[in-house]
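Below is one structure, written out as structure tokens; the observations come after it.
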Amino acid sequence: MAPLKILIVGGGVGGPALAFWLSRIGHQVIVVERFPALRASGAQIDLRGQGIEAVKRMGLIEAIRSKLVDEDGMAFVDRDGKARGTILANKSGQGAQSLTSEYEIMRGDLVRIFYEATKDKVQYVFSKTVDRFTQDDEKVTAQFSDGTTDTFDILVGADGQGSRIRKDILPPDAPDPYHPLGVHMAYWFIPREKADTSLCNAYLSPGGRMILRRAHSATEANVCFFLRSDSDELRSIPRSSVEQQKEIWTRKFRDAGWQTDRFLAGMKTTENWFCLDLVQIKTDTWHSGRVVLLGDAAHCPSPLTGMGTTSSVIGAYVLAGEIARNADNLPLAFKNYDEKLRPLVKEAQDVNMSLLRYAVPDSQWAISLIHFVIGIACFLRIPDLVSRFSSDRDGGWKLPDYVELEPSDEATTI
């Protein structure tokens, strides 16, 4: 068949990963991104399970290894900064990743790797997005934010959990795809101090509060505040001004203890500030006609699962494989993509909210109990044994093989 003309909305992780595979086999791919430049920012993320295998098949594993964050594991600390238990990363290459993956990387570095691997074959257009679209049996017509229009064979919505593309393909009677988890998160960057080690420090404070401190470079550390609450006020924080967001988070955490004063001081001056209400996206509609969703737009699992990046990279591989295998029957390609990927997504989205309440408790006595249990478990090396003799959260799901994604001589010359 002649190459397909494919529009991808969203230049984060999933969109460029899909563009990599589709351009590799000769399709014409355009990626539009609403930001004025590559959005190579964000917190520390990781790859797990079959996501690692997917980037190996891309041939990018060495590029990713060269940018990995040197994080040895996670230490649970008390108010004095004393480690009450430490769970090391599983870097044996066998079994499941622990709380810290063997493949920890800054989001910006992964975005840049995917961009550099695709920029010569893929057209990237910044400061532009799709305002609306129409479709028929033969094409999708997109109207862009700059007033121009163009037609495509496929439109891919890789525009995140707030996806406008998803909103336009959901049936009128579809349930709300947003599922709040009752957890709120803010993260920012501060100067690294000499005492900041290569261990991620996790600190629990009464009131359903948790703080993570991770040192991802020689000069910077990343601070994450988590607050477990069903408050409507907190759910609306991301819609407030940055100043209001910081004021609310300061009020909620000023008495949390440990190094909170340092972190709040850094919050005031940081230029890298992110605030979000943790949700999952659950919908039965991943595609409609020639329009298909990818990554968080289809199935955001939330940062609590550690599977967001992994499911996006895997989803890009499966979607590209099905398009390659069924280029002359796109409804079948999208149907197969849905059926093959959904079991993995269902497993990834399985968050035990009752367990979360115990893991991030309200009282100091419950925190002391957690520290006691973690201390005993680490002394007996139980987390290490569990990692080595279990598998990642994929339910035994296997990454499909798509020989169609191997480049041919014809595709190389297109």
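Name the residue that is farthest from A297 (Cα to Cα), counting only residues in segment 318-373 that are touching a Pro at 6+ places or on another chain (Cβ under 8 Å) and in a helix (DSSP H, G or I).
Q364
Go through (1) of a type in the set (K, R); (2) more than 18 Å from the chain's Cα centre (by Cα); (3) not in a strand (DSSP E or B) and name the single condition R132 misses.
Checking R132 against (1) of a type in the set (K, R); (2) more than 18 Å from the chain's Cα centre (by Cα); (3) not in a strand (DSSP E or B), the one that fails is (3).
Is at least one residue of segment 190-199 crowded, with 21+ Cβ neighbours inside 10 Å, in contact with a Leu (Cβ under 9 Å, 6 or more places away or on another chain) and modelled with pLDDT of 95 or more?
Scanning segment 190-199 turns up no residue that is crowded, with 21+ Cβ neighbours inside 10 Å, in contact with a Leu (Cβ under 9 Å, 6 or more places away or on another chain) and modelled with pLDDT of 95 or more.
Among the candidates D176, D150, which residue alone is open to solvent by 10 Å² or more (accessible area, probe 1.4 Å) and more than 23 Å from the chain's Cα centre (by Cα)?
Just a single option satisfies the conditions, and that option is D150.
Quick check, is Q123 touching a Ser or Thr at 6+ places or on another chain (Cβ under 8 Å) and open to solvent by 10 Å² or more (accessible area, probe 1.4 Å)?
It is false that Q123 is touching a Ser or Thr at 6+ places or on another chain (Cβ under 8 Å) and open to solvent by 10 Å² or more (accessible area, probe 1.4 Å).
Contact list please: Cβ distance under 7 Å, first residue in segment 174-187 and under 23 Å from V360 (Cα atoms), second residue modelled with pLDDT of 95 or more and open to solvent by 30 Å² or more (accessible area, probe 1.4 Å), pairs at least six apart or on different chains.
Sorted first by the residue in segment 174-187, then by its partner, the pairs are H179/K282.
Residues to consider are Q161, Q123; find the one that is within 30 Å of S66 (Cα to Cα) and in contact with a Cys (Cβ under 7 Å, 6 or more places away or on another chain).
It is Q161.
Can you tell me which residues in segment 14-30 are outside any helix (DSSP H, G or I) and surrounded by fewer than 24 Cβ atoms within 10 Å (Cβ to Cβ)?
I25, G26, Q28, I30
Does any residue of segment 155-167 turn out to be surrounded by fewer than 18 Cβ atoms within 10 Å (Cβ to Cβ) and without any contact (Cβ under 8 Å) to a residue 24 or more places away in the chain?
yes
Assuming L4 fulfils every condition listed in (1) farther than 19 Å from V130 by Cβ; (2) modelled with pLDDT of 95 or more apart from one, which condition is it?
(1)
List the residue pairs whose Cβ atoms are under 9 Å apart, where the first residue sits in segment 352-363 and is of a type outside the set (D, E, K, R), the second is at pLDDT below 90, and the two are 6 or more positions apart or on different chains.
Once the first residue is of a type outside the set (D, E, K, R) and sits in segment 352-363, its partners that are at pLDDT below 90 give L356/L304.
Taking into account only those residues within segment 381-410 that are at pLDDT 90 or above and among the acidic types (D, E), which is nearest to L99 (Cα to Cα)?
For segment 381-410, the residue satisfying everything is D401.
Within segment 77-90, does at least one residue satisfy the condition of being under 19 Å from S387 (Cα atoms), open to solvent by less than 10 Å² (accessible area, probe 1.4 Å) and touching a Leu at 6+ places or on another chain (Cβ under 8 Å)?
Checked segment 77-90: no residue is under 19 Å from S387 (Cα atoms), open to solvent by less than 10 Å² (accessible area, probe 1.4 Å) and touching a Leu at 6+ places or on another chain (Cβ under 8 Å).
I'd like to know if segment 31-45 contains one or more residues that are among the hydrophobic types (A, V, I, L, M, F, W, C), buried (at least 22 other Cβ atoms within 10 Å of the Cβ) and either outside the structural domain of G308 (by the TED database) or over 13 Å from the mean Cα position of the chain (by Cα) (or both).
Looking for residues that are among the hydrophobic types (A, V, I, L, M, F, W, C), buried (at least 22 other Cβ atoms within 10 Å of the Cβ) and either outside the structural domain of G308 (by the TED database) or over 13 Å from the mean Cα position of the chain (by Cα) (or both), one finds at least one in segment 31-45, hence yes.
Can you find a residue in segment 289-296 that is open to solvent by less than 20 Å² (accessible area, probe 1.4 Å), more than 19 Å from I169 (Cβ to Cβ) and out of contact with any Asp or Glu (no Cβ under 6 Å at 6 or more places or on another chain)? Step through it out loud before you land on a result.
Initial filter on segment 289-296 (open to solvent by less than 20 Å² (accessible area, probe 1.4 Å)): 291-295.
Still in the list and also more than 19 Å from I169 (Cβ to Cβ): none.
No, segment 289-296 contains no residue that is open to solvent by less than 20 Å² (accessible area, probe 1.4 Å), more than 19 Å from I169 (Cβ to Cβ) and out of contact with any Asp or Glu (no Cβ under 6 Å at 6 or more places or on another chain).
Yes or no: segment 101-123 includes at least one residue that is over 30 Å from L304 (Cβ atoms) and touching a strand residue (DSSP E or B) at 6+ places or on another chain (Cβ under 7 Å).
Yes, segment 101-123 contains a residue that is over 30 Å from L304 (Cβ atoms) and touching a strand residue (DSSP E or B) at 6+ places or on another chain (Cβ under 7 Å).
The values are calculated or read from the model by the stated rules, or taken from the named source; none is laboratory data. Everything quoted here is computed from the prediction, not taken from an experiment. For neighbour counting, all protein chains shown are included, and Cβ atoms are generated from backbone atoms with ideal geometry for every residue, glycine included. Accessible surface is based on the protein model in full, side chains and every heavy atom, while ligands, DNA and RNA are left aside. Shrake-Rupley method; radii C 1.70, N 1.55, O 1.52, S 1.80 Å.
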